[in-house]
Structures are given as structure tokens and as C-alpha cells.
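Below: the structure, in C-alpha cells.
The values are calculated or read from the model by the stated rules, or taken from the named source; none is laboratory data. Note that the coordinates shown come from a computational prediction; the quantities given were computed from them, not determined experimentally. Ideal geometry is used to build each Cβ from the backbone, glycine not excepted, and the neighbour counts take in all protein chains shown. Heavy atoms of the whole protein, side chains included, go into the accessibility calculation; ligands, DNA and RNA do not. Shrake-Rupley method; radii C 1.70, N 1.55, O 1.52, S 1.80 Å.
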Amino acid sequence: MTPSASASASEEPQAAHKRAVLQAYNRFWEEKVKAYAKASVQGTDLKKYAVAEAFTTAETEVQALKAKGLVATGKPDLAPEVTSVETNRKVPQGTISDCTDVSDWTLVQQSSGAEVTLPDNRLTKYVTKAVAEKWYGRWVIVKVTPEDRSC
């Protein structure tokens, strides 16, 4: 085997892990958008892609929307990149950095569909950091942290 062949052979599993981490993150967001659209995690697969703090936080946010009679229409625009994957740990872990644009994800009154006015100075395009772990053979999102800085 040539040096370049062995390098690409070792890069392929890493690339596959990165793709799997990215897929878990994207599916997490798809399910989160579904939950926000109806102010309920019921009938979504959010729990399949979000565990621990990531699920608890999303569920709390959805409950807060429901309590206020709000839902979200549209969806965020994401630009995630897997920044690292460590498979040599007891629990393999991946990190993601995303530029999350929520300008087309709108809060509305569930009863009337009237758009909720939000502060003009709020960040609508910001950095989100996420942590994924491989649990029981599949990648799940364990923590999602929106940062107070634009991207």
C-alpha cells in the first residue's frame, strides 16, 4: 500500500463519522422545527436525535411557546460544519459549529396567525455550537449552545 492509499483509508472512516454527525444535527433541527410549528414534541422524532441537555432544552422551549399560545412558521437557515470528531474516546464525540439564521423562522399567535413583534436589536444570525455523541451505535445531539455573537 502506498502512503497516500493508507492515508485515504484512514480518512474514510473519519469522513463517514463527520457525515453521520452532520446528519444527526440536521435531523435534530428538522424535528425541532416540527415541534416549534405545533408547540409540542409529540408526534416528532426529536427524542431520536436529541438527548440529555439538547432534548431538555428544546422541550422546555416548546413548552414555553405553548404556554404563550405561540408557534413558529418557516424554518431557520443552517450552515453547520463538523469541527472535530473523536472516536478514540469511551463515548465518541463530535463538535459542530453552525451559522444559524432565524430571520425566516417567525413566531406567530397560534389562534390568529398574527406575527409576534420581536426586538429589532435581537440577533437573527448567530453562531451555534453543538456536541454530538455516539450512543448505542448512533450519533445523537447532546448539547446545543447558541452564542451571543453574529456570524
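Of the residues in segment 7-29, how many are in contact (Cβ under 8 Å) with a residue 12 or more places away in the chain and of a type outside the set (Val, Ile, Thr)? Final tally of qualifying residues: 13. Would you tally the residues in segment 52-67 being open to solvent by 20 Å² or more (accessible area, probe 1.4 Å) and touching a residue at least 60 places away in the same chain (Cβ under 8 Å)? The number of residues fulfilling the criteria is 3. The listed residues are 18, 34, 48, 38, and the only one of them that is surrounded by 14 or more Cβ atoms within 10 Å (Cβ to Cβ), over 25 Å from residue 105 (Cβ atoms) and at pLDDT 95 or above turns out to be 18. Could you grab me the full set of residues in segment 102-111 that are surrounded by fewer than 16 Cβ atoms within 10 Å (Cβ to Cβ) and in a strand (DSSP E or B)? Passing the criteria: 106, 109.
For segment 21-31, filtering for residues that are surrounded by 18 or more Cβ atoms within 10 Å (Cβ to Cβ) and among the polar types (S, T, N, Q) leaves 0.
Each residue in segment 115-151 was checked for being on the phi < 0 side of the Ramachandran plot and not in a strand (DSSP E or B), and 10 pass. Taken together, the residues in segment 116-148 that are over 15 Å from residue 79 (Cβ atoms) and open to solvent by 70 Å² or more (accessible area, probe 1.4 Å) amount to 10. Listed by first and then second residue, the pairs with beta-carbon distance under 6 Å, at least 6 apart or on different chains, first residue in segment 138-151 and of a type in the set (Gly, Ala, Ser), second in a strand (DSSP E or B), are 150/125; 150/126.
Residues in segment 57-75 that are in contact with a strand residue (DSSP E or B) (Cβ under 7 Å, 6 or more places away or on another chain), of a type outside the set (Val, Ile, Thr) and more than 11 Å from residue 40 (Cβ to Cβ): 58, 69, 70, 72, 74, 75.
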